[in-house]
Protein chains: 2
Amino acid sequence: MSLRHGLLGLLAEGPASGYDLAGRFTELLSSVWPAQHPKIYAELNKLAAEGLVEVESEGPRRRKAYRITDAGIAEVKRWLTDVEVDHTMRLQPLLRSLFFWLMDTDELQRHLEAEARYYRELEQNYRDYAARKDRGEFGYSEQTQSMRVTIEAGIRLYSALADWAEWAQTVPPAKPAKPS
Amino acid sequence: MSLRHGLLGLLAEGPASGYDLAGRFTELLSSVWPAQHPKIYAELNKLAAEGLVEVESEGPRRRKAYRITDAGIAEVKRWLTDVEVDHTMRLQPLLRSLFFWLMDTDELQRHLEAEARYYRELEQNYRDYAARKDRGEFGYSEQTQSMRVTIEAGIRLYSALADWAEWAQTVPPAKPAKPS
DNA sequence: CTGGGACATGTCCCTAGGGACATATGAGAG
DNA sequence: CTCTCATATGTCCCTAGGGACATGTCCCAG
């Protein structure tokens, strides 16, 4: 049930349409909280039915911009402070790593190189984002300050994974039986 | 569809029952790939129907131990080498961090302290696991070598998150308007 | 010998999410 | 003026996963 609160949180920054929200999700949340547009539109309708958001304006091309209501604001805040954090992590790459012993050495090496490249690139994306933020491109609102904190997590997370994938390449593939 | 391959991978180490597998999942995979027993039993039955695993023996208390078949081994290997890695990450704590500006300062501070403690503890669990492994408690098979690599990822990931949560406490909550 | 608890396997239902498909409309190119 | 593309919103179906509930069985303590 986090998409719901993700939408409310984004709307707390100001009115937006489902299309806008889908854009923001792919732009800055795609790697930590992916969301497809069908889910977003559906959830917005539910939120509207429950009075947590309301249609602010109808624009061209059937565009509907939503504004968060007071009840909506209250609900995000309740979520942020009263609802326990869900720490579930579901990282396929780590699941795979348990089975590296089933791969042959050079296959594994190529795999780890690709992983390292992938993570390093994402790390760089987040670093660029952070640099733009620190240059003031997004202003200095409290919202962008929080965004900066999220970006920092992205940097550190992907940096750690890239380091890990590089480190793993140096681990000897297997060891002989214990020398007793 | 990773639970499927997770089970196959674990069974590649040797025969085990659904109960055993559920245990291994909660023991070493709970934080990176949670799985409940109902799903595990269901998946094992499907795998058996498809001939990727077979019942090795029936023990006391209705216990059924499964053994992976050659087709099963082939399927895990195919997955490991041919199927593209799913890098999806769905981290609620990072989603929440985008909305920190909606929390008041001391609420946020308490939240970040709790997060840091949580991650630090998990990091320590993984460190202890790594130490036991390095002491040779689990032997020196190629399987445990892979396990060591997975554990290392856990250490680095949770360490990064703990550092991040501590760092975030030092970030000034908001900034005044740009001094132009 | 009896009762509780750990072992062991399952069913059922509901929600979240992925992905394919459908459709309306405004803007701009030619 | 028409065609195409980007904008914008949705429907539909299927699978994965969470969580409650149900059941059988062996072991051991008292």
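Here are a few things to note about the model shown:
- Solution diffusion estimate, µm²/s, Stokes-Einstein, region B:2-82, Kirkwood Rh from C-alpha pairs, 10 °C, viscosity 1.306 mPa s: 126 µm²/s
- Size of electric dipole in chain B: Cβ of Lys, Arg +1 and of Asp, Glu -1, about Cα centre, debye, nearest 20: 200 debye
- Once exposed loop GluC sites (Glu not before Pro) are cut out (DSSP; at most 16 other Cβ, 10 Å), longest piece of chain A: A:85-136
- For region B:104-180, applying the loop criterion from DSSP together with a ceiling of 15 other beta carbons within 10 Å to the trypsin sites (Lys or Arg not before Pro) yields B:135.
- Region B:89-173: C-alpha gyration tensor shape, a/c 1.5 cut-off, then a/b vs b/c: prolate
- Rounded percent of accessible protein surface that carbon and sulfur make up, chain A, 1.4 Å probe: 50 percent
- Residue pairs, from the table A:39/A:77; A:39/B:77; A:39/B:64; A:46/A:77; A:77/B:39, whose Cα atoms sit over 29 Å apart: A:39/B:77; A:39/B:64; A:77/B:39
- Span-like helix ranges in chain A, DSSP H, alpha carbon extent 30 angstrom or more, Kyte mean at least -0.5: A:142-169
- Over all projection directions, the Cα-based convex hull of the protein assembly as shown averages an area of 22.2 nm².
- Cα gyration tensor shape for chain A, rounded if a/c is under 1.5, else prolate or oblate: prolate
- Loop-located trypsin sites (Lys or Arg not before Pro) in region B:57-99 (DSSP state not H, G, I, E or B) with no more than 13 neighbouring Cβ atoms inside 10 Å: B:61, B:62, B:63.
- The Cβ shell under 9 Å around residue B:66 holds other residues with a net charge of 0, Lys and Arg each +1, Asp and Glu each -1.
- Amide hydrogen neighbours beyond the local backbone of residue B:53, cut-off 5 Å, H modeled: B:48, B:69
- Based on Cα contacts under 8 Å between residues 6+ apart, region A:92-169 shows a relative contact order of 46 percent.
The values are calculated or read from the model by the stated rules, or taken from the named source; none is laboratory data. This one's a predicted model, so the numbers in the text were calculated from it and none came from an experiment. In this analysis, Cβ positions are derived from the backbone assuming ideal geometry, glycine residues included, and neighbour counts consider all displayed protein chains. Accessible surface is based on the protein model in full, side chains and every heavy atom, while ligands, DNA and RNA are left aside. Shrake-Rupley method; radii C 1.70, N 1.55, O 1.52, S 1.80 Å.
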